[in-house]
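Chemist: Attaching a single structure in structure tokens format; questions to follow.
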Amino acid sequence: LSDVGIVWSSFDNNSNTQIWKIAEKPNEIHNGADSATCLYHASMTDKDKTIRACRLGGEEFVARYYADVDKITNKGKILTVDESNSLHNHGIKIISIYQDSADYAAYFNANEGQKDAMVALSLANERNQPAGSAIYFAVDYDASNQEMDNIKAYFSAIKSVFDSANINYKIGVYGNGLVCSTIKGLYAEYSWLSRSTGHYGYPQYDTPERYNLKQAEEIFYNNIHFDDNIAVGDDYGQW
């Protein structure tokens, strides 16, 4: 991430921690991470360990998932109420992202978009996610131009559901550069560029003037895998 002026330094002298903090960064750049693993385990003695480490490492936000519990095997993927409370108690913002699988072309259609939007709204309401913040929806494969019509139908359905919801949430899109450039401004207000540098549209979209979030290298700490991320500006859909 040196292209946007971030300078990293080791969190402590133990390199095995694999936690780093920001030494210098531009004011408009914010550091964070995303994880498909629950960061707070109420059954553990040291239940806040991972979240405290994220805070000490300079993380300003953590992206965590919404999903249909009946469609996924990894139940810990879904953000819990206790976890969101712990993150906020440690001064860490949350990015909400919805993803069941969303990693193949046939997943995307208007019917699936409607269902995903309704589940996402229900989970956001249960977790007291405030109005005006965003829920990102993932396109987690290298989608091409030939598949954009189905992806647009998926996001059009999401927007229809959101437009009629009682709480006003904004929409974000996660995906390759082509997906982000197609959906942002049409059905979504925010975009999150995946870390897959060889995917369609990555070089053209790889600029802080276009994306709101950018995914980077993988981190491993406390038996949990993270992806490092940056956010641009003061509004990237966080809550």
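The values are calculated or read from the model by the stated rules, or taken from the named source; none is laboratory data. Computed from a predicted structure; not experimentally measured. Note that we place each Cβ from the backbone using ideal geometry, even for glycine, and neighbour counts take in every protein chain shown. Accessible surface is based on the protein model in full, side chains and every heavy atom, while ligands, DNA and RNA are left aside. Shrake-Rupley method; radii C 1.70, N 1.55, O 1.52, S 1.80 Å.
Chemist: Working out 0.36 nm times the residue gap between Asp235 and Ser122, then minus their Cα-Cα distance, what length gain in nm do you get to one decimal?
Modeler: Value of the extension gain: 38.4 nm.
Chemist: Below 8 Å between Cα atoms, with a sequence gap of 6+, how large is the relative contact order for the chain in percent?
Modeler: Once divided by the residue count of the chain, the mean separation gives 20 percent.
Chemist: Calculate, for Thr207 and Ala42, the FRET efficiency according to 1/(1 + (r/R0)^6) with r their C-beta to C-beta distance and R0 35 Å; round to the nearest 0.05.
Modeler: The value I calculate is 0.25.
Chemist: Also, I was wondering about something else. Roughly speaking, to the nearest percent, how much of segment 170-228's 1.4 Å accessible area is carbon and sulfur?
Modeler: 45
Chemist: Given charges of +1 on the Cβ of Lys and Arg and -1 on the Cβ of Asp and Glu, with all other atoms neutral, how large is the dipole of segment 76-173 about its Cα centre, in debye to the nearest 20?
Modeler: 360
Chemist: Could you compute the FRET efficiency for Lys115 and Asn74, with r as their C-beta to C-beta distance and R0 at 22 Å, rounded to 0.05?
Modeler: The formula returns an efficiency of 0.70 here.
Chemist: Please name whichever of Asn168, Ala134, Ala110 sits farthest to the positive end of the charge dipole of the chain, dipole taken about the Cα centre and charges placed at Cβ: Lys and Arg +1, Asp and Glu -1.
Modeler: Asn168
Chemist: Taking the inverse of the average 1/r across all pairs of different Cα atoms in segment 107-239, what Kirkwood radius in Å do you get?
Modeler: 15.2
Chemist: Taking the C-alpha atoms of the chain, how large are the radius of gyration and the largest Cα-Cα span, Dmax, in Å?
Modeler: 17.2, 52
Chemist: So, one more: Over segment 81-204, what is the mean sequence separation of C-alpha contacts under 8 Å (at least six apart), divided by residue count, expressed as relative contact order in percent?
Modeler: So the answer I get is 25 percent.
Chemist: For segment 23-135, give the percent of accessible area contributed by carbon and sulfur heavy atoms, probe 1.4 Å, rounded to a whole number.
Modeler: The computed percentage sits at 48.
Chemist: Would you calculate the separation in nanometres between label points at Arg52 and Glu28, each defined as 7 Å from the Cα along the Cα-to-beta-carbon direction?
Modeler: With each label point 7 Å from Cα toward Cβ, the separation is 3.7 nm.
Chemist: With a probe of 1.4 Å, find how much accessible area the chain has per residue, and write the answer as a whole number in Å².
Modeler: Solvent-accessible surface per residue comes out at 45 Å².
Chemist: Give me the dipole magnitude in Debye, nearest 20, for the chain about the Cα centre, with unit charges on the beta carbon: positive for Lys and Arg, negative for Asp and Glu.
Modeler: Its charge dipole is roughly 360 debye.
Chemist: Rounded to the nearest Å, what's the spacing between the alpha carbon centres of segment 76-153 and segment 215-239? Just the number, please.
Modeler: Here the answer is 15 Å between Cα centres.
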